[in-house]
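Throughout, read-outs are computed from the coordinates displayed, never taken from laboratory work. A quick note: this is a predicted structure, and the numbers were derived from the prediction, not measured.
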Amino acid sequence: MSRAPRVAAAADALLQRIGLLNNPYFAALADGSLSLSHFRATQEQFFFAVQYYPRPIAALVSRIPDPAQRLDVLHNLVEEHGDFHEDQFHQNTFRRFLASLGGRSPDLAGVPMCPAVHAFNSVLAGACASDELNVAVCCLGIIEQAFAGVSALIGRAVVQRKWVAAPELVHYALHTELDVRHAEEFFAMVERRMDDKPGKAEIDRGLKLGAYAFDQLYRSLFFQTEAADA
């Protein structure tokens with residue numbers, strides 16, 4: 001049984017309303033018009049989001065006053081670091097995914113980060129460091145919930161198009177399941193605040209911020225890396 005049914009339902013409804021999986025990036029991936037070179041370029045940029053993501057989580061951990069609630073988020077942070085196994089750090093599993101596409105490790109190859117990823121990382125950093133706690137928690141929670149669905153979609157697409165063999169689908173196969181739990185852990189922290197008006201307003205603001213940032217990231221990646229086909 002879900003620990004946060006109302007917040008999770010609100011997040012699902014919002015993601016459906018904005019049509020995340022129908023934005024130009026995912027539409028092109030689904031209909032076959034996104035080429036391998038274009039997809040690879042976007043994923044090389046997405047590496048910088050994967051690499052940065054543990055830092056906002058770490059900032060959030062430091063702000064949670066209740067140690068019991070802190071544990072779930074701390075566990076999330078540890079899992080981002082491969083449960084203390086360096087080869088399983090999420091940035092390293094993503095490197096392996098990029099290699100399976102014939103891509104580079106962007107930080108090692110000197111690939112510059114594009115503005116879309118820089119903006120996305122800055123939104124998460126700002127929310128987790130200085131926004132209301134409920135806003136920050138829901139911002140990350142809806143991103144985790146959305147990424148579970150995104151991971152499943154990307155995994156299916158790259159295997160169907162024979163860009164990656166199913167056994168090599170290391171990063172996205174993991175997140176298809178893992179991020180459902182992560183989202184629930186975030187949402188469970190604020191579920192009870194759905195009963196009071198100020199808390200519900202902060203939850204709504206955090207969900208909208210996370211959904212907007214995540215949707216804009218992929219929309220912008222689609223257009224900012226389009227020249228990679230040229």
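Its Cα gyration tensor gives the chain an equivalent ellipsoid, and the semi-axes of that ellipsoid, as √(5λ) in whole Å with the largest first, are 29, 19, 16.
Stokes-Einstein at 10 °C, 1.306 mPa s, Kirkwood radius from Cα pairs: D for region 103-177 in µm² s⁻¹?
Numbers: Rh = 14.6 Å.
Reported coefficient: 109 µm²/s.
The angle between the Cα long axis of helix 67-80 and the longest principal axis of the Cα atoms of the chain comes to about 0 degrees, rounded to the nearest 10. For region 151-181 versus region 95-135, the inter-centroid distance based on Cα atoms is 19 Å. The angle between the Cα long axis of helix 36-52 and the longest principal axis of the Cα atoms of the chain comes to about 40 degrees, rounded to the nearest 10.
Here the Karplus curve 6.51 cos²θ - 1.76 cosθ + 1.60, taken at θ = phi - 60°, turns the phi angles of region 149-159 into couplings of x, 4, 4, 5, 5, 5, x, 4, 5, 6, 6 Hz, with x standing for Gly and Pro. Relative to the longest principal axis of the Cα atoms of the chain, helix 115-130 runs at roughly 20 degrees. Please say if region 143-230 is rounded, prolate or oblate, where rounded means a/c under 1.5 for a ≥ b ≥ c the square roots of the C-alpha gyration tensor eigenvalues, and otherwise the choice is prolate for a/b larger than b/c and oblate otherwise? It is oblate, given that a/c is not under 1.5 and a/b is not larger than b/c. Here region 29-102 was treated as a single set of alpha-carbon atoms; its pair distances binned every 5 Å from 0 give 3, 15, 20, 18, 14, 12, 9, 6, 3, 1 percent.
Extent along the principal axes, Cα only, for region 60-104: 45, 17, 11 Å, with the longest axis given first.
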